[in-house]
Amino acid sequence: MTLAARIEAVTRRSRAFFNARTPGHLLVHAYVPFKEPPLRPLNSFDLDHQLEEWLDYQLEIARCRWRAKEGLDDDHLPSLCPTFGMAEYSAWMGMDVHLQETTCLPDPFVREPADLARITFSESHRWFRHLQRGYAHLKGRQDGTFVLSFSGMIGPMDMANAARGNDFFVDVLTEPDFVHRLMRRMTDASRWFHPRLLPWCDRVAGGFVYQFGGFWLPTERPGHLTNDPAMMCSADVYDEFAFPYEKELAEYYDGSLYHVHNENMQYVPSVVCLPGIRVLQLSNDPKTTPVIEDLPRIYAMTGDLPLMMHATSTQVYRHIDLLKQRNVCLRILCCDRQDADEAVRFVRTQSKPL
């Protein structure tokens, strides 16, 4: 199947999924095990001088993954964007970064309220240039087999935690005015960065492809929001210090994916009230009941939003009747290619037509 034909099939089904007004519609992304090239740790690269080499290595891995899925008509689109780890979502504000084996972490640089002035928005910042240069390099590698995905962003509370470090959690109790000023700055940062990021990504059939497994969302101004720190805060803290700023961003975007974890979801009933959230992506935390094994609780906390979740093929077969009570994008972890073929066929037969 050509990339153009795949785009037509995936976007048709996905558009129908998001237009559905009744439950029981299922999308499916199948993960097929594949033989990866030997591990080359991120921290073994000097990204100032070896950025293109790192991205070519990432492209090599992606091509192996796409070959393993060749001919599998699930709902993913082959896509890639520059990715370095967590710091890519906020380091472009001027922070330093620590490279690790598979990710990178920002170095908090707001040590006291006066340091808010250190948060600056500039296209000259090192990590902004890395992202811009990375997208340009991958664009030069396009050969009609993949699209450039939307690398996404994080919510302002996540960004505040990155800039301030874990002192942020003390600040919400002892320095509320400072926290509001910090959150205001983070929200302004998102609105500065988003229109600069978007032109680097491919616009696909009136929407954009997210880096989450090649997931396509029909939106002209895609949003991506996360709030991992909210797992460690009360719902009241979320409502005061996060919700108003996320609401502003959600209104600025015209359709968003929101990422949450399943360990502590006390703030999620407020999240589902944000305008324009099109899908809630749920991650399985270690030592927690997997989302798909906990559907009654998950459903009770998430309103009627479409959900995205990981599961094994066995779990999908076992819980299909519950899954059909909502509209769900299933990211299925398969044992091998035969398992993937069977899982995709099964989901198609169980879903309402798309």
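The values are calculated or read from the model by the stated rules, or taken from the named source; none is laboratory data. Everything quoted here is computed from the prediction, not taken from an experiment. Virtual Cβ from ideal backbone geometry, glycine too; neighbours counted across all protein chains shown.
General remarks:
- Lone unmet requirement of (1) at pLDDT 95 or above; (2) part of a helix (DSSP H, G or I); (3) crowded, with 18+ Cβ neighbours inside 10 Å for Asn43: (3)
- Among the residues of region 219-270, the ones that are over 16 Å from the mean Cα position of the chain (by Cα), in a loop (DSSP other than H, G, I, E, B), over 22 Å from Leu197 (Cβ atoms) and of a type outside the set (Gly, Ala, Ser) come to 6 in all.
- Condition met for Pro199 (surrounded by fewer than 22 Cβ atoms within 10 Å (Cβ to Cβ) and either among the hydroxyl-bearing types (Ser, Thr, Tyr) or at pLDDT 95 or above (or both)): yes
- Residue match in region 220-228 (condition: free of Cβ contacts under 8 Å to residues at least 60 places away in the same chain and either of a type in the set (Gly, Ala, Ser) or surrounded by 17 or more Cβ atoms within 10 Å (Cβ to Cβ) (or both)): no
- Filter result (surrounded by fewer than 18 Cβ atoms within 10 Å (Cβ to Cβ) and within 17 Å of the chain's Cα centre (by Cα)) within region 68-101: Met86
- Residues that are over 13 Å from Asp73 (Cα atoms) and not polar (S, T, N, Q) within region 336-354 comprise Asp336, Asp339, Lys352, Pro353, Leu354, listed in sequence order.
- Subset of region 326-354 (residues that are in a loop (DSSP other than H, G, I, E, B) and either among the aliphatic types (A, V, I, L, M) or under 18 Å from Ser14 (Cα atoms) (or both)): Arg326, Asn327, Ser351, Lys352, Pro353, Leu354
- Note on region 5-38: residues that are assigned to a loop (DSSP other than H, G, I, E, B) and either surrounded by 13 or more Cβ atoms within 10 Å (Cβ to Cβ) or free of Cβ contacts under 8 Å to residues at least 60 places away in the same chain (or both) total 12.
- Considering (1) in contact with a His (Cβ under 6 Å, 6 or more places away or on another chain); (2) modelled with pLDDT of 95 or more; (3) among the acidic types (Asp, Glu), the lone condition that Asp285 does not fulfil carries the number (2).
- Residue pairs whose Cβ atoms lie under 8 Å apart, sitting 6 or more positions apart in sequence or on different chains, and linking a residue in region 336-347 that is under 14 Å from Gly71 (Cβ atoms) to a partner that is surrounded by 14 or more Cβ atoms within 10 Å (Cβ to Cβ) and aromatic (Phe, Trp, Tyr), are Ala340/Tyr31.
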